[in-house]
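The values are calculated or read from the model by the stated rules, or taken from the named source; none is laboratory data. These figures come from a predicted structure and were not determined experimentally. Don't worry about glycine lacking a Cβ; one is built from the backbone with ideal geometry, like all the others, and counts go over all protein chains shown.
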Amino acid sequence: MDAHDGRITKNHERALTMHQIPAAQAALIFQEKILARVSRTFALTIPELPGDLRTIVGNAYLLCRIADTIEDDVDLTPEAKTRFHDDLNYIVTGQQNPQQFVDALMPSLSAQTSDAERELIANSHSVMMVTSGFSNQSKASISRCLTIMCRGMPAFQRNVSLAGLRDLGELDRYCYYVAGVVGEMLTDLFCEYSEDIARRRALLMPLAASFGQGLQMTNILKDFWEDRERGVCWLPQDIFLNEQCNLALVQMGQRNDGFQKSMQLLIGITQAHLRNAFKYALLIPPNETGIRNFCLWAIGFAVLSLQKLNQNLSFESGEEVKISRTTVRRVTRMVRWAVRHDRLLKWMFQMAIRGLPEAQSNLIKLSAENQKLPLSELD
């Protein structure tokens with residue numbers, strides 16, 4: 001098979017013995033199928049990546065999704081979540097049997113776990129079979145991401161309430177653990193894939209966490225009411241209290257100027273992170289069109305979601321501010337057409353963000369200072 005068809009790559013053929021090839025092929029087919037069920041956006045963007053990288057990034061996303069499913073499960077105790085998170089990382093590094101992990105976790109999942117997530121967990125041994133064929137460097141990048149994510153998420157998710165996070169700095173740290181570290185992992189994987197990209201690592205890495213935060217904050221803002229139904233709020237209390245708005249008391253359908261002003265401020269901060277994401281994308285060499293598409297599509301979807309949100313601050317569900325399939329197709333076509341031309345892409349980006357609120361510089365500085373914590377501080 002062609003190395004770029006997303007099924008069997010040369011690296012996997014070298015890494016696996018001949019009698020394992022059929023199982024490896026089945027595992028890759030499952031990875032492609034389940035990705036479309038658990039993520040609409042990434043199922044669209046990941047196939048743009050070149051062959052081996054497409055397989056690795058898709059696999060890394062599914063491993064992160066397993067970690068997230070464990071953390072979100074309402075029936076698992078904190079101790080059980082920690083144990084399963086540790087086991088997940090042991091499997092990635094080859095220290096534990098994947099099937100034992102599946103057999104222990106499946107009966108423990110709550111009834112609220114979605115069918116797609118159940119299918120992913122039930123077949124996570126297949127996902128991890130794909131992982132086993134990666135280089136040690138790739139596995140180390142994925143393992144670092146999972147370690148930081150699994151140590152960082154619990155501090156926030158196990159203490160969340162309708163009152164929101166304490167302040168903007170806490171939101172930044174939360175975004176780092178669930179998305180910023182993914183941006184760093186992607187940078188590692190891109191650099192391993194391409195020597196040309198690796199030469200730009202020193203420029204890419206300072207923007208990587210901000211890239212992840214821009215996408216994550218977009219989701220947090222548009223999913224506010226759905227999260228609230230689950231008793232969750234990821235918005236920062238201090239921003240809203242400055243506008244005499246108590247997040248714990250916000251009611252759907254009631255006009256609240258303080259809430260809307262605060263949302264506009266956060267839209268401005270999110271836009272600033274997406275500007276960093278755009279700078280990141282343009283640092284990818286123009287000939288790497290697949291990686292550029294992967295980055296720029298996600299940025300385009302996020303910016304246009306912010307536009308819809310900014311135009312409808314009294315929204316009552318994420319559906320009201322979700323971009324249409326027609327808009328998604330328009331973004332993908334336009335980016336493909338312009339992907340090699342930086343000047344044209346810059347013009348398109350400026351048109352896309354036109355009219356969005358601008359962030360206050362002091363808040364962006366605070367955001368940058370508080371976003372990333374060293375791994376030693378999570379122990």
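See the values below:
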item	result
Cβ-Cβ under 7 Å pairs, at least 6 apart or on other chains, segment 77-100 side in contact (Cβ under 8 Å) with a residue 24 or more places away in the chain and closer than 15 Å to residue 134 by Cβ, far side assigned to a helix (DSSP H, G or I) and of a type in the set (D, E, K, R)	92/139; 93/139
Single unsatisfied condition, residue 232 versus (1) among the aliphatic types (A, V, I, L, M); (2) crowded, with 22+ Cβ neighbours inside 10 Å; (3) more than 24 Å from residue 200 (Cβ to Cβ)	(2)
Enumerated helices (runs of 4 or more DSSP H) restricted to segment 111-211, each holding at least 3 residues that are under 30 Å from residue 250 (Cα atoms)	136-157, 168-175
Condition met for residue 150 (touching a His at 6+ places or on another chain (Cβ under 8 Å), under 29 Å from residue 190 (Cβ atoms) and not β-branched (Val, Ile, Thr))	yes
Residue ID - surrounded by the fewest Cβ atoms within 10 Å (Cβ to Cβ), chosen from residues in segment 235-255 that are in contact with a Ser or Thr (Cβ under 8 Å, 6 or more places away or on another chain) and either of a type in the set (D, E, K, R) or farther than 17 Å from residue 167 by Cβ (or both)	255
Residue 368 of a type in the set (A, V, I, L, M, F, W, C), assigned to a helix (DSSP H, G or I) and either closer than 23 Å to residue 185 by Cβ or at pLDDT below 90 (or both)	yes
Tally, over segment 235-263, of residues that are without any contact (Cβ under 8 Å) to a residue 40 or more places away in the chain, of a type in the set (S, T, N, Q) and not in a loop (DSSP other than H, G, I, E, B)	1
Residue count for segment 304-343, restricted to those that are exposed (fewer than 14 other Cβ atoms within 10 Å of the Cβ) and part of a helix (DSSP H, G or I)	10
Qualifying residue in segment 189-209 (condition: touching a residue at least 40 places away in the same chain (Cβ under 8 Å), within 16 Å of residue 291 (Cβ to Cβ) and hydroxyl-bearing (Ser, Thr, Tyr))	yes
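Yes or no, residue by residue, for (1) modelled with pLDDT of 90 or more; (2) out of contact with any Pro (no Cβ under 7 Å at 6 or more places or on another chain):
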{"site": "48", "(1), (2)": "yes, yes"}
{"site": "57", "(1), (2)": "yes, yes"}
{"site": "71", "(1), (2)": "no, no"}
{"site": "98", "(1), (2)": "no, yes"}
{"site": "123", "(1), (2)": "yes, yes"}
